[in-house]
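All remarks here apply to the structure that follows.
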Amino acid sequence: MNASWSRFNIVSIVLGFAFLYLPIVLLVVFSFNASRLVTVWGGFSTQWYVALFRNQGLMDAAWVTIRVALVSASVATVLGTMAALVLTRYTRFRGRVLFTGMVFAPLVMPEVITGLSLLLLFVAIGLDRGFLTVTLAHITFSMCFVAVVVQSRLISFDRSLEEAAMDLGAPPVRTFFQITLPVIAPAIISGWMLAFTLSLDDLVIASFASGPGATTLPMKIYSQVRLGVTPEINAACTLLIAIVALGVIAASIVNKRREVQRRRDEQAALRMA
């Protein structure tokens, strides 16, 4: 019975991962297809990557997407970290329940509702839709993800380290930057990478918040896919996958090195004690 269940689990896992990742593998493979037909293999070629970089519309959309992702992820990381600090360090203050709900509401709010709400807000205040509105919209929905990641690290943070630093005469600001920030830095980096990836991937909210000259790459790809999938689209999606994968790998390496360094510092402190 155990062997049969084990085989069933293995088959289920293999089928599940194949369902998730086989289409991505096929997309990457056919981005190197020499044929214009995306379903017929005509040999290996990189011509569609050359054509992609010559496609000014896609290049403009990619540049807008990268700028929006960098700015929104950076601002969302700062705001999300501040929100996590407030929720972790100040457990009792007037309006805490309302503040918590406002911070985490985008996690459960449908993207259509979030996008429509932001569109009505921008129209009401007379803000022309463009790069700024897309960036503000991405900051709004990605900040909560950063807050969740950083808050989970702050909950397990040993505050005796801060207390020891302040007992030795360090002011609160210096204590935060020299003690707290290095410890929670892996969580902040992970939050930034998550916000950056969400911004790169967003289509629904950007469709409501964008305007002339602020078309993101997912919007451009979606508009072209409705007329038919081209090899250039496969090449663009492959590059997006590569960027996200490299970012995840880089974040994992940084976090692993910081964790190894932290363990070494703890062992050195124990030997000195």
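Taking the criterion of being of a type in the set (Phe, Trp, Tyr) and closer than 16 Å to Leu240 by Cα, the residues of region 20-75 that qualify are Tyr21, Phe30, Phe32, Trp48, Tyr49, Phe53, Trp63.
With respect to the conditions (1) in a helix (DSSP H, G or I); (2) of a type in the set (A, V, I, L, M, F, W, C); (3) open to solvent by less than 80 Å² (accessible area, probe 1.4 Å), Phe93 falls short on a single one, namely (1). Are there helices (runs of 4 or more DSSP H) fully within region 154-273 with at least 3 residues that are buried (at least 17 other Cβ atoms within 10 Å of the Cβ)? List them. Because the criterion is at least 3 residues that are buried (at least 17 other Cβ atoms within 10 Å of the Cβ), the helices (runs of 4 or more DSSP H) in region 154-273 that meet it are 181-201, 204-209, 217-225, 231-272.
For the condition closer than 19 Å to Ala137 by Cα and either open to solvent by 50 Å² or more (accessible area, probe 1.4 Å) or part of a helix (DSSP H, G or I) (or both), what is the one hit in Met59, Met82?
Sole residue among the options that is closer than 19 Å to Ala137 by Cα and either open to solvent by 50 Å² or more (accessible area, probe 1.4 Å) or part of a helix (DSSP H, G or I) (or both): Met82.
In region 26-43, the residues that are over 11 Å from Pro231 (Cβ atoms) form no Cβ pair under 6 Å with any partner that is open to solvent by 70 Å² or more (accessible area, probe 1.4 Å) and of a type in the set (Phe, Trp, Tyr), whether six or more places apart or across chains.
Inclusion of Ala165 among residues that are within 28 Å of Asp60 (Cβ to Cβ) and out of contact with any Pro (no Cβ under 6 Å at 6 or more places or on another chain) is not warranted. Filtering region 137-153 to residues that are surrounded by fewer than 20 Cβ atoms within 10 Å (Cβ to Cβ) and more than 28 Å from Leu116 (Cβ to Cβ) leaves Ser152, Arg153. Among (1) exposed (fewer than 14 other Cβ atoms within 10 Å of the Cβ); (2) in contact (Cβ under 8 Å) with a residue 60 or more places away in the chain; (3) of a type outside the set (Phe, Trp, Tyr), where does Val134 come up short? If we test Val134 against (1) exposed (fewer than 14 other Cβ atoms within 10 Å of the Cβ); (2) in contact (Cβ under 8 Å) with a residue 60 or more places away in the chain; (3) of a type outside the set (Phe, Trp, Tyr), just (1) comes out false.
For region 14-50, give me each residue that is open to solvent by 100 Å² or more (accessible area, probe 1.4 Å), of a type in the set (A, V, I, L, M) and within 32 Å of the chain's Cα centre (by Cα). Please lay out each step first, then the result.
Quick first cut of region 14-50, residues open to solvent by 100 Å² or more (accessible area, probe 1.4 Å) only: 15, 17, 19-21, 36-37, 39, 41, 44.
Filter again for of a type in the set (A, V, I, L, M), leaving 15, 20, 37.
Answer for region 14-50, where residues must be open to solvent by 100 Å² or more (accessible area, probe 1.4 Å), of a type in the set (A, V, I, L, M) and within 32 Å of the chain's Cα centre (by Cα): Leu15, Leu20.
Considering every residue within region 214-226, establish whether at least one is among the charged types (D, E, K, R) and farther than 15 Å from Thr65 by Cα. Yes, that holds for at least one residue. All conditions in (1) outside any loop (DSSP other than H, G, I, E, B); (2) closer than 30 Å to Ile233 by Cα; (3) open to solvent by 60 Å² or more (accessible area, probe 1.4 Å); (4) among the polar types (S, T, N, Q) hold for Ser72, with the sole exception of (3).
The values are calculated or read from the model by the stated rules, or taken from the named source; none is laboratory data. Keep in mind that this is a model prediction, so the values were computed, not measured. Note that each Cβ is placed from the backbone with ideal geometry, even for glycine, and that neighbours are counted across all protein chains shown. Ligands, DNA and RNA are excluded from the accessible area calculation, which covers all protein heavy atoms including side chains. Shrake-Rupley method; radii C 1.70, N 1.55, O 1.52, S 1.80 Å.
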